[in-house]
1. Mind listing whichever residues of the stretch B:94-107 are assigned to a helix (DSSP H, G or I), within 20 Å of B:ALA30 (Cα to Cα) and open to solvent by less than 60 Å² (accessible area, probe 1.4 Å)?
2. Quick one: B:LEU176 ticks every box in (1) at pLDDT below 90; (2) more than 20 Å from A:GLU92 (Cα to Cα) bar one, so which box is it?
3. Please tell me if B:ALA113 is buried (at least 20 other Cβ atoms within 10 Å of the Cβ) and assigned by TED's automatic domain parsing to the domain that holds B:GLU41.
4. Looking at the structure I just gave you, is B:VAL183 within 21 Å of B:ALA263 (Cβ to Cβ) and of a type in the set (Val, Ile, Thr)?
5. Determine, yes or no, whether A:ASP74 is of a type outside the set (Phe, Trp, Tyr) and on the phi > 0 side of the Ramachandran plot.
6. Could you check the stretch A:13-127 for strands (runs of 3 or more DSSP E) lying wholly inside it with 2 or more residues that are facing chain B (nearest Cβ under 10 Å) and either closer than 27 Å to B:CYS232 by Cα or open to solvent by less than 70 Å² (accessible area, probe 1.4 Å) (or both)?
7. Would you check if there is a residue in the stretch B:58-65 being touching a residue at least 24 places away in the same chain (Cβ under 8 Å), out of contact with any Lys or Arg (no Cβ under 8 Å at 6 or more places or on another chain) and over 28 Å from B:GLU144 (Cβ atoms)?
Amino acid sequence: MDQIPILKIGDCLLVSIQVDMHDRLALQLQDDLTNKIVTSRARGVMIDISALEIVDSFIGRMLNNIAAMSKVLDAVTVVVGMRPAVAITLVELGLALTGVRTALNVDKGLELIRHLIDDEQDPDDRREE
Amino acid sequence: MAAPTPSMLPQLLDKHQAQLMKDWLAGQRAAGVVVDVESDERVRRFIAALRQGASSNADDVKNADWAAARDVLEQISRERALKGSTPVETVMFVFSLKDPLFALLRRECGSDADRLAREIANAMHLLDQLGLYTVEVFQKSREEVIGRQQEELLELSTPVVQLWDGVIAVPLIGTLDSARTQVVMESLLEEIVRTGAEIAIIDITGVPTVDTLVAQHLLKTVSAARLMGADCIISGIRPQIAQTIVHLGVELDVISKATMADAFAVALRRTGRMVVSRAGNGKGASKAENGDKAAGKTGAGQSGE
């Protein structure tokens, strides 16, 4: 059974989904990812879905779940590289993924994660907001 | 029309073709049908096709035997529809054949009233059907024209413009229905990918009314753009529309600004830029950091250039 690799960059985890997700794979990814966040003490999770052409409601919910789980483990989740067609489909399905931060590509995603982590680490900034 | 004796129409058409053509053309001219150089040829083809159809004894013009006649009519209808003739003018092409044809039948039948009645009923039945068919094709051609125009309008009316590095805008003009939302959404998202924009401004100055459906469509577009990693700002909300939105209880859960200039100022601030007056007269210098009111004033002046 194939597995989705989870790469560690600094205190970020990068998950690049490049195969069609079936349900078992998705569940296993949730498992692996939560484990990895705990063991590597990562602060950010980036999920790259630029290779995905089909995203159904299950995958949409999985992304939401991962974001929620990461949040509990004190890590921010950013979904990057969504294709226009996929975005339209998700919106039509009524899945706006409100709990997930998004960015256009990996570059901007890293920037966003850096920004979010910095914001959290600086308590003075937060109080000002 | 299952007449025991076969219709005399085919022989009649053979025998008096020249006379019938002349009378018909005259009739067409009198009825206001456009008669041009091609009319002769058309009339000849149609009579030949009519003869072919009539001799087959099939009294339904949808039948394969009438294919030639239908072809001629289709061609004429389409041509007329594109030229902008009225349906009456077009269908008179067929109906103006009645008078000369009936005159011919009367002459041929002589005093045989029974036969004359049968022949006329038969011919009328055929010509009426052909006339209706002409109208149908005419209508269809017009609808094709309208459909094509709508498509062109759809493409023309949804430009996506780049305002600045990382800032794009969609000025929406006209009512936002689901078909247009789809086009707007697609072109906006494509443009976000192409330019790598972080902020998209949707300007609805040109949208006449915002009801719950339009608001829903707007929100869909905003959600889709957000999924791509771009933030949306809705601008160009007129006072009346603001009132309508509140009365309808629609919650526009996005940043909204009254003018495109305000939205642009926000976009610049978000992307870490500012506009500074070169003269340094103090008024416009700190505009991008100032409150929204100041930004609106100077911003409006800027866009008016």
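The values are calculated or read from the model by the stated rules, or taken from the named source; none is laboratory data. Everything numeric in this text was worked out from a predicted model, so none of it was measured. Don't worry about glycine lacking a Cβ; one is built from the backbone with ideal geometry, like all the others, and counts go over all protein chains shown. In case anyone asks, the SASA skips ligands and DNA or RNA and just uses the protein heavy atoms, side chains included. Shrake-Rupley method; radii C 1.70, N 1.55, O 1.52, S 1.80 Å.
1. B:VAL94, B:LYS98, B:PRO100, B:LEU101, B:PHE102, B:ALA103, B:LEU104
2. Here B:LEU176 meets the rest and fails (2).
3. So B:ALA113 fails the test.
4. no
5. Judged against the criteria, A:ASP74 is a match.
6. A:76-80, A:101-103
7. Scanning the stretch B:58-65, I find at least one residue that is touching a residue at least 24 places away in the same chain (Cβ under 8 Å), out of contact with any Lys or Arg (no Cβ under 8 Å at 6 or more places or on another chain) and over 28 Å from B:GLU144 (Cβ atoms), so the answer is yes.
Yes/no per residue for (1) away from chain A (no Cβ under 11 Å); (2) under 30 Å from A:ASP107 (Cα atoms); (3) within 33 Å of the chain's Cα centre (by Cα):
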| position | (1), (2), (3) |
| --- | --- |
| B:ASP203 | yes, yes, yes |
| B:THR212 | yes, no, yes |
| B:VAL222 | no, yes, yes |
| B:ALA225 | no, yes, yes |
| B:SER235 | yes, yes, yes |
| B:ILE241 | yes, no, yes |
| B:VAL250 | yes, no, yes |
| B:THR259 | yes, no, yes |
| B:LEU268 | yes, yes, no |
